[in-house]
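Structure record follows, encoded as structure tokens.
The values are calculated or read from the model by the stated rules, or taken from the named source; none is laboratory data. Just so we're clear, the structure is a prediction, and the values are computed from it rather than from any experiment. All Cβ positions, glycine included, derive from the backbone under ideal geometry; neighbour counts span all protein chains shown. Side chains are part of the model used for accessible areas, which takes the heavy atoms of the whole protein and leaves out ligands, DNA and RNA. Shrake-Rupley method; radii C 1.70, N 1.55, O 1.52, S 1.80 Å.
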2 protein chains.
Amino acid sequence: MATVKDVAKLAGVGSGTVSRYISGTGSVSRKSGEKIARAIEQLNYRPNSMARSLSSRRSDLIGVWVPSLEGPYYHMMIRTIESALRLQGKHMILANAEDAQSNEDRLAHLDYLINRDCDGILISSSLQSEFELARYAEKFSNLVVMNHHTDELAGRCFSIDHDLGGRLAARHLVELGHTRVATITGRLSALDARQRHVAFLDEMAKLGHPVVPERIVEGAFSYAGGEQAVAALLASSADYSAVFCGNDKVAMVLIAELHKRSISVPGDVSVIGYDDVEFTPYTAPALSTIHAPIEEMSQSACHQLLNLTYGLELPYQEHFEPSLSVRQSTGSCSLQLAQCPDGRMAV
Amino acid sequence: MATVKDVAKLAGVGSGTVSRYISGTGSVSRKSGEKIARAIEQLNYRPNSMARSLSSRRSDLIGVWVPSLEGPYYHMMIRTIESALRLQGKHMILANAEDAQSNEDRLAHLDYLINRDCDGILISSSLQSEFELARYAEKFSNLVVMNHHTDELAGRCFSIDHDLGGRLAARHLVELGHTRVATITGRLSALDARQRHVAFLDEMAKLGHPVVPERIVEGAFSYAGGEQAVAALLASSADYSAVFCGNDKVAMVLIAELHKRSISVPGDVSVIGYDDVEFTPYTAPALSTIHAPIEEMSQSACHQLLNLTYGLELPYQEHFEPSLSVRQSTGSCSLQLAQCPDGRMAV
DNA sequence: TCCAAAAGTGGGATCGGTTCCATTTTTGAA
DNA sequence: TTCAAAAATGGAACCGATCCCACTTTTGGA
């Protein structure tokens with residue numbers, strides 16, 4: 001493989017000139033530039049990225065830490081980030097902490113990124129304990145956090161207004177005439193799950209239809225967690241005409257389970273999700289949900305990280321608002337109270 | 001940041017000894033080892049990965065090229081690969097070519113990996129044109145290919161027996177009594193889509209129920225492609241009691257569309273998918289499908305790439321067999337021929 | 001006790017770029 | 001035409017590891 005020196009010799013210039021030509025920093029005369037270009041072509045020269053990184057003290061690597069890669073949510077994030085980084089010639093390295101059992105494990109995943117000398121790190125965190133990781137990472141790299149807000153990291157937190165999201169869901173259901181509403185939350189130790197939930201409850205109460213505890217099930221934002229929570233809700237004696245699910249995965253699981261029991265959606269029970277991930281148009285029925293601008297948020301976070309790290313000036317925005325996305329899984333509560341096939345009151 | 005020299009000085013040994021101690025190659029006395037360990041601790045030393053890469057001529061980076069990141073299929077792959085690499089202390093860098101418009105674009109995505117000096121490259125390719133990329137990449141790195149088989153790359157191709165998969169689908173439907181069967185394929189220029197399709201047709205014919213052309217729609221393995229193809233099938237005058245979909249995304253779209261038209265699955269029409277991605281248990285009804293061992297295949301490909309690249313001896317397997325996974329979207333064809341709501345014969 | 005083989009060691013050369021700096025060349029306003 | 005400022009240049013020093021090699025120390029069987 002050819003090196004700068006080979007190129008310099010063939011072009012009849014110094015190695016510094018070649019380096020300047022390639023990186024575009026500093027000035028090179030038209031004549032030298034042409035000679036260098038020809039030499040590069042002729043030798044089929046490609047700069048060695050490790051040597052470049054070593055001497056320039058930048059790896060052009062951005063580390064991305066995610067708590068899980070199950071389901072479409074984080075996938076949409078990764079997809080967006082990969083694309084934004086590629087446009088800037090940077091590379092993403094990924095640490096998926098879903099197999100971590102303890103906080104030490106999660107830290108080890110972070111070290112896996114830090115030890116690689118990332119120029120910047122992007123953490124998607126919704127647990128307080130995970131957020132501690134941000135403090136740690138900050139010592140080593142430029143840092144940006146998604147799904148979490150704190151004043152300590154002002155200007156480097158990117159989040160969606162889950163309070164508003166929870167309220168939009170409540171308003172939508174109440175507008176449709178639902179008064180007996182159940183909810184399956186995410187794990188309430190997670191900030192985003194809690195925010196959605198608290199706002200939802202608050203708004204329901206404000207609208208005159210407080211959600212009674214029997215209609216609240218704490219679940220988790222995973223398929224397995226959703227299954228458990230759905231089973232718990234359906235096994236309970238609670239009656240309701242609509243269910244607000246903490247995310248779309250759980251809503252999907254719920255719809256599947258209701259279908260299995262021949263409970264019609266939205267005829268018997270309305271279901272609303274949260275996030276508006278990839279698959280929401282294709283559940284049966286198509287899922288009404290709170291649209292969270294995941295991709296926009298991811299892109300913004302990525303842009304700002306690039307700005308901080310490489311002095312770019314890419315556009316970004318820290319705060320995003322969700323919106324209501326009505327499809328077919330919610331309908332008006334016009335039917336009479338009726339007995340469910342399994343003996344519970346569900347309509 | 002401390003360097004090997006600092007550590008060596010503090011420990012009172014030579015830099016070579018420190019290097020040997022850290023990498024675990026070569027021998028270091030117990031006494032020196034302890035001194036070095038103490039010095040590392042004290043200085044909070046972390047080896048610089050760029051310097052290490054430059055001098056050892058290995059980046060510990062594995063490039064992964066995928067044609068798309070829409071839907072769960074490639075995500076399951078990425079997730080598996082990230083995990084397998086992390087276990088070996090390697091890092092994945094990703095190039096998603098779904099925004100590529102031309103072959104030059106796809107090549108540019110590959111160069112994005114190659115220019116980063118990956119030690120190895122993993123290509124998931126099902127188009128012949130994409131496979132040409134493998135030839136190119138092979139010049140620069142160790143290479144392994146998924147979803148494609150060719151004798152030229154013997155021992156480095158990992159694939160699932162789509163011929164068998166197509167046949168399993170056909171047998172399942174025929175066993176349930178379906179004789180008028182429709183199919184929505186993937187883009188037939190893709191090898192995997194074509195193999196599934198051809199085998200399916202062949203097996204249906206062998207079983208005495210050849211699929212007539214009116215019941216065949218060429219689609220694509222994307223949500224949008226699925227929507228178009230589903231619309232085309234439902235708009236046609238074809239009648240059928242079951243549909244074989246080339247992958248699960250298309251099957252999901254079909255179920256959603258049938259639900260919209262109040263056509264019952266599997267009451268009126270049975271639907272079977274292909275791949276058995278993450279969401280298949282949670283469609284309504286749960287999707288019967290051909291289980292493709294995506295994760296096992298991805299892990300094997302990854303293992304073999306690691307073996308080739310770093311001289312490891314991780315277990316792997318080149319060929320995988322799919323299996324039938326029966327859930328609730330397929331049922332026996334016991335009902336009488338009946339008129340569909342929209343005037344077509346569908347049962 | 002002796003001595004060949006094995007284990008352990010220090011440090012310089014090297015990987016292939018970038019960056020700095022002293023020097024030369026070019027530019028364009030007076 | 002003149003000359004200060006700006007542009008362009010070559011090459012050495014450096015980034016921080018690995019690896020090789022010549023040399024010293026330890027080991028253990030006879």
Quiz item: Among the candidates B:R86, B:R52, which residue alone is under 16 Å from A:M92 (Cβ atoms) and either within 9 Å of chain A (Cβ to nearest Cβ) or part of a helix (DSSP H, G or I) (or both)?
Solution: B:R86
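Condition check ((1) within 12 Å of another protein chain (Cβ to nearest Cβ); (2) modelled with pLDDT of 95 or more; (3) open to solvent by 30 Å² or more (accessible area, probe 1.4 Å); (4) part of a strand (DSSP E or B)) across all residues:
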| residue | (1), (2), (3), (4) |
| --- | --- |
| B:A95 | yes, yes, no, yes |
| B:L122 | no, yes, no, yes |
| B:H149 | no, no, yes, no |
| B:A170 | no, yes, no, no |
Exercise. Can you confirm whether the stretch A:48-56 contains a residue that is outside the structural domain of A:T280 (by TED's automatic domain parsing) and at positive phi?
Key: no
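In the stretch B:277-303, which residue that is open to solvent by 20 Å² or more (accessible area, probe 1.4 Å) and more than 10 Å from every other protein chain (Cβ to nearest Cβ) is farthest from B:L254 (Cα to Cα)?
If we take residues in the stretch B:277-303 being open to solvent by 20 Å² or more (accessible area, probe 1.4 Å) and more than 10 Å from every other protein chain (Cβ to nearest Cβ), then B:H303 is farthest from B:L254 (Cα to Cα).
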Self-check item: Answer from B:R187, B:R194, B:R180, B:R215 - the residue that is within 16 Å of B:P322 (Cβ to Cβ) and not assigned by TED's automatic domain parsing to the domain that holds B:N103
Solution: B:R194
Quiz item: Has the stretch B:258-268 got at least one residue that is in a loop (DSSP other than H, G, I, E, B), within 14 Å of chain A (Cβ to nearest Cβ) and open to solvent by less than 20 Å² (accessible area, probe 1.4 Å)?
Solution: yes
Quiz prompt | Only listed residue being within 26 Å of B:S59 (Cα to Cα) and not assigned by TED's automatic domain parsing to the domain that holds A:V250, chosen from A:L153, A:L85 | solution = A:L85
Practice problem: Scan the stretch A:55-74 for residues that are in contact (Cβ under 8 Å) with a residue 40 or more places away in the chain and open to solvent by 10 Å² or more (accessible area, probe 1.4 Å) and jot them down. | Solution: A:R58, A:D60, A:P67, A:S68, A:E70, A:P72, A:Y73, A:Y74
Practice problem: Those residues that are more than 7 Å from chain A (Cβ to nearest Cβ) and either assigned to a strand (DSSP E or B) or over 25 Å from B:L127 (Cβ atoms) (or both), I need them from the stretch B:55-82; list them, please. | Solution: B:S55, B:S56, B:R57, B:R58, B:D60, B:L61, B:I62, B:G63, B:V64, B:W65, B:V66
Quiz prompt | Residue list for the stretch A:1-41, filter: without any contact (Cβ under 8 Å) to a residue 12 or more places away in the chain, near DNA strand D (Cβ under 9 Å from one of its atoms) and within 14 Å of A:R52 (Cα to Cα) | solution = A:S15, A:G16, A:R20
Quiz item: Only one of these conditions is not met by A:A229: (1) in contact (Cβ under 8 Å) with a residue 40 or more places away in the chain; (2) closer than 28 Å to B:G267 by Cα; (3) hydrophobic (A, V, I, L, M, F, W, C). Which number is it?
Solution: (2)
Self-check item: the stretch A:239-257, subset open to solvent by less than 10 Å² (accessible area, probe 1.4 Å) and away from chain B (no Cβ under 14 Å), residue nearest to A:P67 (Cα to Cα)
Solution: A:G246
Practice problem: Check A:R46 against each of (1) within 13 Å of DNA strand D (Cβ to nearest atom); (2) at the interface with chain B (Cβ under 8 Å from one of its Cβ atoms); (3) more than 34 Å from the chain's Cα centre (by Cα) and name the one condition it does not meet. | Solution: (1)
Self-check item: Those residues of the stretch B:14-43 which are aliphatic (A, V, I, L, M) and either within 10 Å of DNA strand C (Cβ to nearest atom) or within 14 Å of chain A (Cβ to nearest Cβ) (or both), in sequence order
Solution: B:V18, B:I22, B:V28, B:I36, B:I40
Self-check item: The listed residue being in contact (Cβ under 8 Å) with a residue 40 or more places away in the chain and either surrounded by fewer than 20 Cβ atoms within 10 Å (Cβ to Cβ) or over 19 Å from B:A292 (Cα atoms) (or both), out of B:N103, B:N48
Solution: B:N48
